[in-house]
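A short worksheet on the structure shown next.
The values are calculated or read from the model by the stated rules, or taken from the named source; none is laboratory data. Fair warning: this is a prediction, and the values are worked out from it, not measured in the lab. Because the Cβ atoms are built from the backbone with ideal geometry, glycine has one as well, and the counts that use them run over all protein chains shown.
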Amino acid sequence: MPQHARTTRVCRDCDGFPVVAITTGTRHADGTRATLRIACPTCQGTGHTASAALARTGR
Ligand SMILES: [Zn+2]
């Protein structure tokens with residue numbers, strides 16, 4: 001068994017960064033920026049390919 005089993009398939013759509021913070025332009029009362037956290041629709045926030053996600057859910 002090869003120990004290189006860490007070849008987790010990174011989602012090609014988000015390149016392994018499934019959750020991104022988008023600045024909305026508005027700011028909170030304390031001056032910090034209000035951000036929206038968007039999960040990648042392709043991998044559903046897992047960062048891996050759909051096949052891995054499906055295998056995990058057992059569908
Ligand atoms: Zn993704």
- Are there any pairs, at least 6 apart or on different chains, whose C-beta atoms fall under 6 Å, with the first in the stretch 16-28 and farther than 14 Å from ALA39 by Cα and without any contact (Cβ under 8 Å) to a residue 12 or more places away in the chain and the second within 16 Å of the ligand (Cβ to nearest atom) and assigned to a loop (DSSP other than H, G, I, E, B), and if so, which? none
- Within the stretch 44-59, how many residues are within 13 Å of the ligand (Cβ to nearest atom) and at pLDDT below 90? 7
